[in-house]
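Trainee: Below is a structure I'd like to ask you about.
A short reminder: the numbers here are calculations on the coordinates, not readings from a lab. Keep in mind that what you see is a predicted model, and the values were worked out from it rather than measured. Cβ coordinates were reconstructed from backbone atoms using ideal geometry, including for glycine residues, and neighbour counts include every protein chain displayed.
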Amino acid sequence: MSVTIFHATNTRDSFFYGHDDIYSKDDVKEAWKNGGYLAIAKLAVNDLDAAYHWSQNIESSWTEGQFVEAIHDPVTFARGGARSLSVGDIVKYEDEYHIVASLGFELITL
């Protein structure tokens, strides 16, 4: 089983996900439709919490992890060029999309 990580390309707004007056689910859907999310990597994990855990830059780049397969720009990715999974990003798991919220994940239909 694996999950796919999608980073928002406009982090200035997406980090405010959950504050509907700034960045709502409708804003996420619009950004998705307009190419505002980029598939970064697949992680060989079995749930969303594990995906979040293994996609954080803490003591080293998460891109060096044993569960990671780069999707976007493997050269930059291998140099630690991917930021941590954050609020407003999207994770695909079992054919469903989930947005990273300030606490946990929220199912979203894209």
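Trainee: Per residue of the stretch 33-44, in order, report the coupling 6.51 cos²θ - 1.76 cosθ + 1.60 (Karplus, θ = phi - 60°) as ³J(HN,Hα) in whole Hz, putting x for Gly and Pro.
Mentor: Result, ordered by residue: 4, 9, x, x, 10, 10, 5, 9, 7, 10, 10, 7 Hz.
Trainee: With labels modelled as points extended 7 Å from the Cα through the Cβ direction, what inter-label distance (nm, one decimal) is found for ASP13 paired with ASN46?
Mentor: With each label point 7 Å from Cα toward Cβ, the separation is 3.9 nm.
Trainee: Here is a further query. Select from ALA41, ALA31, ALA82 the residue whose mean-square fluctuation is largest in a Gaussian network model of the chain (Cα-Cα springs shorter than 10 Å).
Mentor: Per the Cα network of the chain with a 10 Å cutoff, ALA31 tops the list.
Trainee: Further question: Taking 0.36 nm per residue of sequence separation and subtracting the Cα-Cα distance, how much length would be gained by fully extending the chain between LYS29 and SER102, in nm to one decimal?
Mentor: Between LYS29 and SER102, full extension yields an extra 24.5 nm.
Trainee: Oh, and also: I need HIS7, HIS53 ordered by Cβ neighbour count within 10 Å, fewest first.
Mentor: The order, fewest Cβ neighbours first, is HIS53, HIS7.
Trainee: Right, another one. For the chain, what is the relative contact order in percent, using Cα pairs closer than 8 Å and at least 6 residues apart in sequence?
Mentor: This gives 33 percent for the chain.
Trainee: Sorted from fewest to most neighbouring beta carbons within 10 Å, what does the list TRP62, TRP32 look like?
Mentor: Going from sparsest to densest Cβ surroundings: TRP32, TRP62.
Trainee: Check TYR37: other-chain or 5+ apart residues with amide H under 5 Å from its amide H, H built from backbone geometry?
Mentor: THR9
Trainee: Which order do THR63, THR109 fall in if you start with the one that has the fewest other Cβ atoms within 10 Å?
Mentor: Fewest-to-most Cβ neighbours within 10 Å comes out as THR109, THR63.
Trainee: Only one of the listed values, [x] 21.3, 73; [y] 13.1, 39; [z] 37.2, 116, was derived from the coordinates as Rg and Dmax of the Cα atoms in Å; which label is it?
Mentor: Of the listed options [x] 21.3, 73; [y] 13.1, 39; [z] 37.2, 116, [y] comes from this structure.
Trainee: If you place +1 on the Cβ of every Lys and Arg and -1 on the Cβ of every Asp and Glu, how big does the dipole about the Cα centre of the chain come out, in debye to the nearest 20?
Mentor: For this selection, approximately 340 debye.
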